[in-house]
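**Student:** Could you have a look at this structure, given as structure tokens, before my questions?
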Amino acid sequence: MTLRQAQGPDPHGAVTVDELDLSAELAGSEDAVATADVAEYALWLGDDALILSQQLGMWIARAPELEEDVALANIALDLLGHARSLLRYAGTADGRSEDDLAYFRDEPDFRSAWLFEQPNGDFAQTIARQLAASAYLFELYSALRRSTDATLAAIAEKALKEVDYHRDHAVQWTLRLAGGTDESRRRMVRAVTDVWPYVEELFRDEPLIDRLGAIAARPSSLRAAFDAAIDAVFAEAELEVPDVNPSMAGGRRGSHFPALARILAEMQVLARQHPGATW
């Protein structure tokens, strides 16, 4: 059989994705149905991953090195996979799909923390945000593997392996920038100072956590390990944890950093202008 015969009349072959089962990529049981509280918690985590993925994707073709285009794109895709699994599970509570939750919720309906909504800024700003985010997510998913909810535990098990790489990537760039030129160090110090007011929100125990019990990872219980990991990186980089007042962030309750509106506008515009479109 020739290549043309194998391809059929179109010399370029079939390019449709209609027959692909994309749900097979997702972690967790397809049959599990989330309660209202579990769905809300899954939105917390799924929105964090989705917004950070969207932010990192903006660096493609803009990173300082070609290799970083690839690295940040891969991290963004990992986070998008986490978001898909978590949003799919959240949607089982009321029959919405992951696409419904990503593209057809308005800003007050999102539950992402303000750290993930911080603008990319320069490359140092992105790395400082990524260091805090990945260190937090590593501790979160390490704890969530012990969740009494089998779907959340399965998602955490898969996500942890990827977040371990994300954390290492951020650590290496923090050391490189802090130990590089005077200018790169100045920018890294400034970036850490700018990002750190938004760290505190990640470790606040909202009432939902009390209702979920052993299903969720208690945010406050993750702080000590997070601080130890950051302290070790900062000691090597000769950086100091900034003495800053925590922000009044309320992302878990639908009150968001102003940048989220722009992020959502860019992310949602195609789906909203052409609802139901396929390609």
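The values are calculated or read from the model by the stated rules, or taken from the named source; none is laboratory data. Note that the coordinates shown come from a computational prediction; the quantities given were computed from them, not determined experimentally. Methodologically, a virtual Cβ is constructed for each residue, glycine included, from the backbone with ideal geometry; neighbour enumeration extends over all protein chains shown.
**Student:** Going residue by residue through region 44-51, is there one that turns out to be out of contact with any Gly (no Cβ under 7 Å at 6 or more places or on another chain) and surrounded by fewer than 21 Cβ atoms within 10 Å (Cβ to Cβ)?
**Tutor:** No, that holds for no residue.
**Student:** How do the pairs read when you match residues in region 60-81 that are under 17 Å from ASN120 (Cβ atoms) with residues anywhere that are at pLDDT 95 or above and assigned to a loop (DSSP other than H, G, I, E, B), using Cβ under 9 Å and keeping only pairs 6 or more apart or on different chains?
**Tutor:** ARG62/ASN120
**Student:** Something else now. Name the residue that is surrounded by the fewest Cβ atoms within 10 Å (Cβ to Cβ), counting only residues in region 121-155 that are of a type in the set (Gly, Ala, Ser) and within 13 Å of the chain's Cα centre (by Cα).
**Tutor:** By that ranking, first place goes to ALA132.
**Student:** Report whether or not TYR103 is buried (at least 24 other Cβ atoms within 10 Å of the Cβ) and either more than 25 Å from ALA217 (Cα to Cα) or touching a residue at least 40 places away in the same chain (Cβ under 8 Å) (or both).
**Tutor:** Here the answer is no, as TYR103 does not meet what is asked.
**Student:** Now a separate question. Looking only at region 15-39, count how many residues are in contact with a helix residue (DSSP H, G or I) (Cβ under 9 Å, 6 or more places away or on another chain) and either modelled with pLDDT under 80 or part of a helix (DSSP H, G or I) (or both).
**Tutor:** Qualifying residue count for the region: 11.
**Student:** Show the residue pairs meeting these rules: Cβ distance below 9 Å; 6+ apart or different chains; first residue within region 125-148 and farther than 25 Å from PRO64 by Cα; second residue aromatic (Phe, Trp, Tyr) and surrounded by fewer than 24 Cβ atoms within 10 Å (Cβ to Cβ).
**Tutor:** As it stands, the answer is TYR136/PHE203; TYR136/PHE226; PHE138/PHE226; GLU139/PHE226, since those pairs meet every condition given.
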